[in-house]
Amino acid sequence: MTTDETALLTARVDALDRALALGDGRVSSTTSARITSTIDGVRARLALGVDHTVVALVGGTGSGKSSLFNAISGLQFADVGVRRPTTSEITACVWGNGADALLDWLGVVPERRIVRESLLDGDSEASLRGLVLLDLPDHDSIAPEHREVVDRLIPQADLLAWIVDPQKYADDALHSGYLRQLVGHESSMVVVLNQVDTVSPDVRPALIADLERLLVDDGLTGVPVTSASATTGEGVRALRVALSGVVASQSLAARHAGAELNDAVAALETQVAAREPAAASLSEIVDTLARSVGLSAVAGSVATAVRGGTPSAQGFGAVQEDAVALARGLWLETVTRGLPKRWADDVGSRIASTGELRIAVADSIAELSLTARRSALALGLFVVAVLLTGAALVIGSVAVGSAQGTGETNAWTPAVAVVALVGAAAAFVASRAARSAAARRRSDRVLRDGRAALEAVSRARLAVPTEQVLAEHRTVRELIASARG
Ligand SMILES: Nc1nc2c(ncn2[C@@H]2O[C@H](COP(=O)(O)OP(=O)(O)OP(=O)(O)O)[C@@H](O)[C@H]2O)c(=O)[nH]1
Ligand SMILES: [Mg+2]
């Protein structure tokens, strides 16, 4: 693993960690536990450095893991037996020194560790320096603790060498229990068909082909399949060469850590939506809340009062809870569309409840000014109309009186009276128009102020808490994208 690879993996694991922390409460506890374990595992592996490559021999009981462990190491350290299962504890052979911390992390007890190179003469083992070979118990064991050891070790090993034999290579316990779960980890796996000495050479190619087909059926592509015999030593040399290549490339730990992170990222992705729901408009909510307080009726009453009439009701009555619940439900449905349930529930718990919203609505409209002051202009015009009417009557009666007394009429007098009368009518019409305009202005004002107050309540009690959850969702989604690498 190069410094760049380590830095990239560290950045990915940090992003995943932050995404998980921020998504807290909105990620299922099983997924969260699984991801935490991956984060811890990858961090621990990175901290242990890449001087060693951990290769685990995994497989069913009696497939020959311990025998191959001994054949590869050239030692007789692992227990090989006829009694099944034989291996109950992890056994490790290390080529080179300084793997103690790694072996502690892997849970290999000191008595089950052996250092290969120090026992050897010459440089014949130098190409494997850095290899930590593990012999594991059987995954299909009658002893449940064996399976536990295997399940713990699988994510920890840099390379899994699945050891199968001609009798049991198609076992369902292997394929559906393990291999199918490892899709995406192909670069950290090899499959070895051991005990090939037990089948005649002419059927071996067909067996290998069948095994390869099964792997493809499992969804695994490009997994190398080799054959070997721990008994005759056939294929063991090739296995050692392959392992020395793995050790030399040093990138296996990175690839494996990367694949582990990919799994965790995919698991976390199931806990968020692909995108946040489209922004919801408040105007429909304000409409519904306006109905809940009878805003237009109140505005109408104010207008009636300004016109000088007697309104049927004055001021706001009780806020209708049903309409408030409707507005809240409408909002929640729109802003959580497409969100996973936990996120949607979180929005529901952070916005105001129906009761809280009803109180906030009532408080906000209580502060509205509903004064119905009459129009001064209309009043002035009305006074003018009355005065002109009076003047017209006086002038008219004077004209009639003088005509009866003298028999003469001043040609101007009736004309002046008519003009005054027309003026009075005009002033009266203008007064009515001014009153209507004032009533309309006042009612519009009440509607506008009322809607603004309801919008402010909706914003503070619905929109802001929603935006907070959606912003967290967006950040979690973005962190997941960075963790994807
Ligand atoms: N003919 C033949 N027998 C083998 C080969 N490899 C292992 N055996 C035998 O198969 C039996 C099981 O071998 P082990 O190495 O103990 O198998 P294991 O996979 O470690 O078994 P567990 O520890 O129980 O999981 C032993 O009797 C071995 O001698 C092989 O390549 N050919
Ligand atoms: Mg064994």
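Would you kindly derive the ³J(HN,Hα) couplings of the range 443-454 from the backbone phi angles with the Karplus curve 6.51 cos²θ - 1.76 cosθ + 1.60 (θ = phi - 60°), listing them in order in whole Hz, with x for Gly and Pro?
Couplings: 5, 4, 5, 4, 4, 5, 5, x, 5, 5, 5, 5 Hz.
Kirkwood hydrodynamic radius (Cα pairs, Å) of the chain?
29.9
For the range 51-249, what ratio Rg/Rh do Cα atoms give with a Kirkwood hydrodynamic radius?
Here the Rg-to-Rh quotient is 0.94.
About the Cα centre of the range 1-135, how large is the charge dipole given +1 on each Lys and Arg Cβ and -1 on each Asp and Glu Cβ? Please answer in debye to the nearest 20.
Magnitude of the dipole: close to 580 debye.
Rounding to the nearest 10 and keeping the result within 0 to 90°, find how far the Cα-based axis of helix 321-335 lies from the longest principal axis of the chain.
40
Helix-only mean residue ellipticity at 222 nm, the chain, DSSP H runs n ≥ 4 weighted -39,500 (n - 2.57), per residue, nearest 500. What is it?
After summing the helix terms and dividing by residue count, I get -19000 deg cm²/dmol.
Which value, to two decimals, describes the C-alpha radius of gyration of the range 215-271 once divided by 2.2 N^0.38 Å?
Here the answer is 1.57, to two decimals.
Above 19 Å lies some portion of the pair distances; for the range 129-220, what is it as a whole percent of all C-alpha pairs?
Of the Cα pairs, 44 percent sit more than 19 Å apart.
Suppose every K and R has +1 on its Cβ and every D and E has -1 on its Cβ; what is the size of the dipole of the range 162-249 about the Cα centre, in Debye to the nearest 20?
Result for the range 162-249 is approximately 280 debye, rounded to the nearest 20.
Just to confirm the filter: which GluC sites (Glu not before Pro) across the range 184-286 are DSSP coil and have at most 10 other Cβ within 10 angstrom of their Cβ?
Working: sites: Glu186, Glu212, Glu234, Glu260, Glu269, Glu284; in loops: Glu234.
Sparse-neighbourhood loop GluC sites (Glu not before Pro): none present.
If I model the range 283-484 as equal point scatterers sitting on the Cα atoms and use the Debye formula, what is log10 I(q)/I(0) at q = 0.08, 0.12, 0.15 Å⁻¹?
Cα-only, vacuum Debye calculation for the range 283-484: -0.50, -0.75, -0.92.
Which FRET efficiency value, to the nearest 0.05, do you get for Ala460 and Arg337 by plugging their Cβ-Cβ distance into 1/(1 + (r/R0)^6) with R0 = 22 Å?
The value I calculate is 0.50.
Go through 53-65, 123-135 and give me the packing order, highest mean Cβ count within 10 Å leading.
Highest-to-lowest ranking by the protection proxy: 53-65, 123-135.
Would you please state the base-10 log of I(q)/I(0) at q = 0.17 1/Å for the range 122-165, with intensities from the Debye formula using one equal scatterer on every alpha carbon?
-0.59
Positive end of the charge dipole of the range 51-249 (Lys, Arg +1 and Asp, Glu -1 on Cβ, about the Cα centre): tell me which of Ser176, Gln76, Ser249 has its Cα farthest that way.
Final value for the positive-end residue is Gln76.
Let me test this: with uniform point scatterers at the alpha carbons of the range 333-410, what is the Debye-based log₁₀ I(q)/I(0) at q = 0.25 1/Å?
-1.08
No value in this document is a laboratory result; all are computed from the given coordinates. Please read all numbers here as calculations on a predicted model, not as lab measurements. Cβ: placed from backbone, ideal geometry, glycine included. Neighbour counts: every protein chain shown.
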